[in-house]
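> Can you keep this structure in mind? I'll have questions shortly.
Derivation of every value follows stated rules applied to the coordinates shown; laboratory data play no part. These figures come from a predicted structure and were not determined experimentally. FYI the Cβ positions are ideal-geometry reconstructions off the backbone, even for glycines, and counts take in every protein chain you see.
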Amino acid sequence: RAVPKAETSEDVRGGVQKFRVKLLPEGAGSPMDVLCQVGLDGIRMLDPNTSRTLRIYPLETVTRWDVLDSSVFAFWSKSSVDLEARRIRLKSSSYTTNTILDTVTAASVQFKEMASSVSRSKAAADPASPSEQQNEKRRNFLDWRNLVKPVTEEKDHWVPDEAVNKCTACAGDFSAFNRRHHCRNCGDIFCDKCTQGRTPLTSDADSQPVRVCDRCMAEVSRRLSSAKEAANRPVVQSHEDLAKKLQEAMDINKKSSSEARDLQTDLLASECGRSHAPSAQSTSRCRSQHLARRR
């Protein structure tokens, strides 16, 4: 019996097979011819003419995969910026679809075995690493919860995905490789190039950096700068506080003058040769003598 061949092209230098498939759109649009390459680094989508990488889905982000029908292979990928896993569908011949399924399964199993081996090696080298890993997981979960919480609270003012087909800033068409991204500040939809900014929206200590568009990046930066200046600005005091501080300063000055006069009296008494406390008359006479000497 003749064995069917998968629709592949082989990279002679790397010995890697690239499957010729059609990338099916999830919404409106036409299928796109791409090359699918499966490896331990992930599932790559390549340009069939130049072999340039259009998109890569790391294996750690692939949550599941399956054959939907005899000619369509689908996998679900969930990255750090995705709230839900995204489905990617690849159409080809029945044999190619099953070959991709076997290749992805084998790569995922090998990737998990390598990850487990690395974890065991680290645990053997450092006995305290299991508890540290548990603490690290807990910290990562808290960071993820803090990052997602404000996004969930602000989604009420987001523009719906189906409302726009072009980037609000550059007017670029959205596609399977040019995805929609919401600005967390204004809620409009932009492409990835126009939402490169990451900044907290408030000056709170626990506020996490989130995705914002270029326009809002400047606006939020000015807002945070103004809030910081206001926090560092000295507090304006009331008239009562100023009067109280002035009275305290006058009392201190008065006390210092009194102490200085007492010290001068002691010095004059010493010059007059009196061992006992001088009287007011003798003190006056000694002061007159002292001034006459200075003249």
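> Taking 0.36 nm per residue of separation and subtracting the Cα-Cα distance, what length does fully extending E248 through D33 add?
69.0 nm
> I would also like to ask the following. Using θ = phi - 60° and the Karplus relation 6.51 cos²θ - 1.76 cosθ + 1.60, list the HN-Hα couplings for segment 92-104 in order, rounded to whole Hz, with x at every Gly or Pro.
Couplings: 7, 6, 4, 5, 5, 4, 5, 5, 4, 4, 5, 5, 5 Hz.
> Would segment 157-231 count as rounded, prolate or oblate if I go by the C-alpha gyration tensor, calling it rounded below 1.5 in a/c and otherwise prolate when a/b exceeds b/c, oblate otherwise?
Because a/c hits 1.5 or more and a/b exceeds b/c, segment 157-231 counts as prolate.
> Over all pairs of distinct alpha carbons, what does the Kirkwood formula give as the hydrodynamic radius of segment 18-118, in Å?
Result for segment 18-118 stands at 13.9 Å.
> Rounded to the nearest 0.05, what FRET efficiency do L40 and D161 give with R0 = 35 Å and r taken as the Cβ-Cβ distance? Could you check?
According to the calculation, E is roughly 0.60.
> Further question: Between E219 and Q196, what is the spin-label point distance in nm, taking each point 7 Å from the Cα along the Cα→C-beta axis?
Reported label-point gap for E219 and Q196 is 2.1 nm.
> Moving to a separate point now. Going by amide H atoms built from the backbone, whose H comes under 5 Å of the H on C186, apart from near neighbours?
C213
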